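Got a structure here, written out as structure tokens. Questions coming.
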There are 2 protein chains.
Amino acid sequence: MNGIRDVIVIGTGLIGTSIALAVQKRGVAVRLADRDAEALGQAVRLGAGQPLTAHGRLADLVVLAVPPAAVAPVLRDAQRARLGHHYTDVAGVKAPIIAAARDHGCDLSVFVPGHPMAGGEQAGPGAARADLFLGRTWALCPTEDACGRSVGVAREGAELTGAVPCELAPETHDRAAALISHLPHVVSSALAARLDDADSVALRLAGNGVRDVTRVAAGDVSLWLDVLGQNADLVAAELVTLIEDLQRAAREMRAGNNAALASLLRRGNNGRRRLLAESTGSDGGSPGNRPKAATEKTA
Amino acid sequence: MNGIRDVIVIGTGLIGTSIALAVQKRGVAVRLADRDAEALGQAVRLGAGQPLTAHGRLADLVVLAVPPAAVAPVLRDAQRARLGHHYTDVAGVKAPIIAAARDHGCDLSVFVPGHPMAGGEQAGPGAARADLFLGRTWALCPTEDACGRSVGVAREGAELTGAVPCELAPETHDRAAALISHLPHVVSSALAARLDDADSVALRLAGNGVRDVTRVAAGDVSLWLDVLGQNADLVAAELVTLIEDLQRAAREMRAGNNAALASLLRRGNNGRRRLLAESTGSDGGSPGNRPKAATEKTA
């Protein structure tokens, strides 16, 4: 590998701008594009890179940091304009995007679908941080069509941000994302939705537990509808399994029997332990990550 | 009010020991009791107070920091032993405890049920902190039998820890707690339970979102079974409402229609905004509270 010297980032939201800030710090030249001139201007002012102009040299890597539904058309247009040698994206769902890219006639040999497992409920370039990906897993889901050189460049791009690349099949990614990202988002939103018409006195009693449980519910609605809609079958299947567990607990609680609830709480203890042991979230202690969430009452 | 000069704390777990540490810092003498000699010894070694001995003077306030099911019998025994002038507890459910105290023949004129809205998923005296209650709401639920003097002393006790007392009816507390504490705990546990048998690759992709959503699922199982069991009807009713929202979303997602999901996400945004605006959790910036939880990917 000769090393990435310049990158084009299309989409200067939270993720795109954070990637631009991160790779610039490593000496990579960054050109930026966004159909929203204001977001682009803000990212440029933040020092994330220079605006993309016509007739520049081909970038080593083009990062499509656009919403899931936009990836395929933007990839097609970028490849037609010959913006770069290799391409990757950051969308939270992978198999449907690969299918869409194929439908759009994209060149899949130089496209390596990706998904950095980091972000924030604050959207836009103003929330971007150069250290957003430090120590985080960055999923890469190359198709059978992908050439090894493109996979290597996408991997290097992820590593330049401080992330840890993890190659897996698109379908494996989407199943995992349904469980560990999409399901929690829907459930957190459903809990937060119940607070929309809650009594003020109830909100006044709210502690850090419900704050943590509902934090992701502040996420951008249209972006999440896009992601969840593209992974709808897998997310719905996860929801149905969860609903069955909750129904069993509610039914038994009403009958004065706590056996199902006890099993749920014990499995919850175990699942939480496994999560802390096997994931790479902020409790792992990467220097750029924020401190552990505040604690809340256990009774 | 003459001011509280000495307090007895029965139960040297996280909450009892934190209360003892907090009021001691304000110059109040603290005597401690716990049926677990090891927990008591640890709290004493941490400087939370002296062990309670027979034939001491009556305390101004006796704080029962024991699990919900133990409050009534421990209150009865403490009153029979004439430990103090006034009594309060810290359990997460109130109406059933008041009923149990009545059944146990307790003197309700000097008992003011309470519930500090703070804590942590770590149990035991070792996790105690003098600043645990700083800026947090402390619910007080005096019955019609309670004398004004006892209510004043319980209020002063809460204020000595840095908490903000909030008087409300026991039934109002229990309805609010079902929504903002008990329901999120069950749902967080159900989500964490799904991780118990998850693929390792899925856990590797887990970011801060699922970490925050499942944090409270690490809570002590027997303590939570006690609390949830005592508030079972209200918690089950909240669960049923939530389940209906989730079922509607899952059904429509499977049919390729995201209308119910869109409504849930939008109401989730609104509920989250209300929570941050109206609650007193750690984002409020009280000096003793920990920093805001780390952020996670929104797509």
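Let me spell it out: the conditions are (1) more than 7 Å from chain A (Cβ to nearest Cβ); (2) buried (at least 16 other Cβ atoms within 10 Å of the Cβ), and B:R273 meets all of them except one. Which number is the exception?
(2) is the only condition that B:R273 fails.
Can A:P184 be described as crowded, with 18+ Cβ neighbours inside 10 Å and not in a helix (DSSP H, G or I)? Break it down stepwise before answering.
Details: crowded, with 18+ Cβ neighbours inside 10 Å: yes; not in a helix (DSSP H, G or I): no.
Answer is no for this residue.
Test each condition in (1) over 14 Å from B:I8 (Cβ atoms); (2) surrounded by 23 or more Cβ atoms within 10 Å (Cβ to Cβ) for B:A65 and report the one that comes out false.
(1)
Can I ask one more? Residue check, B:S189 against (1) within 7 Å of chain A (Cβ to nearest Cβ); (2) more than 16 Å from A:L276 (Cβ to Cβ); (3) of a type outside the set (A, V, I, L, M), all met but one. Which one?
Tallying (1) within 7 Å of chain A (Cβ to nearest Cβ); (2) more than 16 Å from A:L276 (Cβ to Cβ); (3) of a type outside the set (A, V, I, L, M), B:S189 fails exactly one: (2).
Suppose we keep only residues that are part of a loop (DSSP other than H, G, I, E, B) and free of Cβ contacts under 8 Å to residues at least 40 places away in the same chain within segment A:43-82. Which one would you say is farthest from the other protein chains (Cβ to nearest Cβ)? Even if it seems obvious, please write down each step before you answer.
Keep residues of segment A:43-82 that are part of a loop (DSSP other than H, G, I, E, B), which gives A:46-49, A:52-58, A:65-67, A:81-82.
Adding the requirement that they be free of Cβ contacts under 8 Å to residues at least 40 places away in the same chain leaves A:47, A:53-56, A:58, A:81-82.
Numbers: A:G47: 21, A:T53: 28, A:A54: 29, A:H55: 32, A:G56: 28, A:L58: 28, A:A81: 25, A:R82: 28 Å.
In this case the residue turns out to be A:H55.
Another question, if that's okay. If you check A:I15, A:I4, which single one turns out to be surrounded by 14 or more Cβ atoms within 10 Å (Cβ to Cβ), among the aliphatic types (A, V, I, L, M) and either more than 16 Å from A:S150 (Cβ to Cβ) or under 22 Å from the mean Cα position of the chain (by Cα) (or both)?
Values: A:I4 fails: either more than 16 Å from A:S150 (Cβ to Cβ) or under 22 Å from the mean Cα position of the chain (by Cα) (or both).
None of the others qualify; the one that does is A:I15.
Which of the residues that make up segment A:85-127 are in contact with a His (Cβ under 9 Å, 6 or more places away or on another chain) and of a type in the set (A, V, I, L, M)?
Within segment A:85-127, the subset in contact with a His (Cβ under 9 Å, 6 or more places away or on another chain) is A:89-95, A:110-113, A:115.
Answer for segment A:85-127, where residues must be in contact with a His (Cβ under 9 Å, 6 or more places away or on another chain) and of a type in the set (A, V, I, L, M): A:V90, A:A91, A:V93, A:A95, A:V110, A:V112.
Is there any pair linking a residue in segment A:218-230 that is buried (at least 20 other Cβ atoms within 10 Å of the Cβ) to one that is outside any helix (DSSP H, G or I) and among the charged types (D, E, K, R), with Cβ under 7 Å and at least six apart or on different chains, and which?
Once the first residue is buried (at least 20 other Cβ atoms within 10 Å of the Cβ) and sits in segment A:218-230, its partners that are outside any helix (DSSP H, G or I) and among the charged types (D, E, K, R) give A:A218/A:E121; A:G219/A:E121.
Checking A:A260 against (1) touching a Lys or Arg at 6+ places or on another chain (Cβ under 8 Å); (2) more than 7 Å from every other protein chain (Cβ to nearest Cβ); (3) in contact (Cβ under 8 Å) with a residue 60 or more places away in the chain, only one condition comes out false. Which one?
With respect to (1) touching a Lys or Arg at 6+ places or on another chain (Cβ under 8 Å); (2) more than 7 Å from every other protein chain (Cβ to nearest Cβ); (3) in contact (Cβ under 8 Å) with a residue 60 or more places away in the chain, A:A260 is out only on (3).
Taking segment A:85-128 only, how many residues are within 9 Å of another protein chain (Cβ to nearest Cβ), at pLDDT 95 or above and out of contact with any Pro (no Cβ under 9 Å at 6 or more places or on another chain)?
Residues that pass the stated criteria total 2.
Shifting gears a bit: What single numbered condition from (1) surrounded by fewer than 24 Cβ atoms within 10 Å (Cβ to Cβ); (2) modelled with pLDDT of 95 or more; (3) at the interface with chain A (Cβ under 7 Å from one of its Cβ atoms) fails to hold for B:E171?
(3)
Given the criteria in contact (Cβ under 8 Å) with a residue 24 or more places away in the chain, over 22 Å from A:E244 (Cβ atoms) and in contact with a strand residue (DSSP E or B) (Cβ under 8 Å, 6 or more places away or on another chain), does B:L168 qualify? Full working, then the answer.
Numbers: in contact (Cβ under 8 Å) with a residue 24 or more places away in the chain: yes; over 22 Å from A:E244 (Cβ atoms): yes; in contact with a strand residue (DSSP E or B) (Cβ under 8 Å, 6 or more places away or on another chain): yes.
Yes.
Being touching a residue at least 12 places away in the same chain (Cβ under 8 Å), surrounded by fewer than 18 Cβ atoms within 10 Å (Cβ to Cβ) and farther than 30 Å from B:P165 by Cα is the requirement here; does A:R248 meet it?
Numbers: touching a residue at least 12 places away in the same chain (Cβ under 8 Å): yes; surrounded by fewer than 18 Cβ atoms within 10 Å (Cβ to Cβ): yes; farther than 30 Å from B:P165 by Cα: yes.
Answer is yes for this residue.
Moving on to the next point. So, in segment B:110-150, of the ones that are in a helix (DSSP H, G or I) and touching a helix residue (DSSP H, G or I) at 6+ places or on another chain (Cβ under 7 Å), which residue ends up surrounded by the fewest Cβ atoms within 10 Å (Cβ to Cβ)? Spell out the reasoning first.
Our first condition is that a residue be in a helix (DSSP H, G or I); within segment B:110-150, this holds for B:110, B:125-127, B:148-150.
This time we only want the ones that are touching a helix residue (DSSP H, G or I) at 6+ places or on another chain (Cβ under 7 Å), so: B:110, B:125-127, B:150.
Values: B:V110: 23, B:P125: 28, B:G126: 13, B:A127: 18, B:S150: 22.
Filtering segment B:110-150 for residues that are in a helix (DSSP H, G or I) and touching a helix residue (DSSP H, G or I) at 6+ places or on another chain (Cβ under 7 Å), the one surrounded by the fewest Cβ atoms within 10 Å (Cβ to Cβ) comes out as B:G126.
The values are calculated or read from the model by the stated rules, or taken from the named source; none is laboratory data. Only a predicted model underlies this, so the values are computations on that prediction, with no experimental measurement involved. We place every Cβ from the backbone using ideal geometry, glycine too, and count neighbours over all the protein chains shown.
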